Amino acid sequence: MIPQINPSQFQAWVATQSAPVTLLDVREGWEVQTASVTADGFVIKHIPMNDTPARLAELNADSPIACLCHHGARSQRVAQFLLQNEFTNVINIAGGIAAWARQLDSRIAQY
């Protein structure tokens, strides 16, 4: 089972990690242009969900990865895929960017 954290818990999770955290945004390009988070103590990598298998080598299996999408469903599937491919420290951001906007940054557009 994939660990779930709320956006409001994300920075605390980042602080517990011993390696740099990658926030993997699995939304489509137009979604990222519409609404996105700002990196603060972590790196953002955008790989749309359907491109993840072909671009897996762009991710470090030894680094912590937090998956993000619009509401949390696509990111959950990508997180599961990563775990099945020998990534060990993977979480899903429950509620996605929509929850992030509600909990942390109301300047992020809702769509």
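What follows is calculated from the coordinates using simple rules that are stated; it is not laboratory data. Because the structure is a prediction, the values reported are computed rather than measured. Every residue, glycine as well, gets a Cβ built from its backbone with ideal geometry; the counts of neighbours run over all protein chains shown.
The alpha carbon centroids of the stretch 54-71 and the stretch 1-28 are separated by 10 Å. Ordering 76, 106, 56 by Cα displacement along the dipole of the chain toward the positive end leaves 106 in first place; charges were set at the Cβ atoms of Lys, Arg (+1) and Asp, Glu (-1). Projecting the Cα atoms of 19, 32, 43 onto the dipole axis of the chain, where Lys and Arg carry +1 and Asp and Glu carry -1 at the beta carbon, places 32 farthest toward the positive end. What you get for the chain, charging only the Cβ of Lys and Arg (+1) and of Asp and Glu (-1), is a dipole of about 240 debye around the Cα centre.
Determine the relative contact order of the chain: mean sequence separation of Cα pairs under 8 Å and six or more apart, normalised by residue count, in whole percent.
Contact order relative to length: 37 percent.
Working from label points 7 Å from Cα in the Cα-to-Cβ sense, the residue 12 to residue 62 distance is 3.0 nm.
Match the structure shown to one of the listed values (1) 25, 15, 12; (2) 23, 19, 11; (3) 20, 16, 12 of semi-axes √(5λ) of the Cα gyration tensor in Å, computed from it, and give that label. Identified label for the calculated read-out: (3). In order along the stretch 92-107, the Karplus-derived 3J(HN,Hα) couplings, from 6.51 cos²θ - 1.76 cosθ + 1.60 at θ = phi - 60°, round to 10, 8, 5, x, x, 5, 5, 5, 4, 5, 5, 8, 10, 8, 5, 6 Hz, and Gly and Pro are given as x. The ranking of 28, 86 by Cβ neighbour count inside 10 Å, starting from the fewest, reads 86, 28.
Take each peptide in 71-77, 21-27, count the other Cβ atoms within 10 Å of every residue, and average; sorted highest first, the result is 21-27, 71-77.
Converting phi to 3J(HN,Hα) with the Karplus coefficients 6.51, -1.76 and 1.60 and the offset θ = phi - 60°, the stretch 73-88 yields 7, 5, 5, 4, 5, 5, 4, 4, 4, 4, 4, 6, 10, 6, 7, 10 Hz in sequence order, with x at every glycine or proline.
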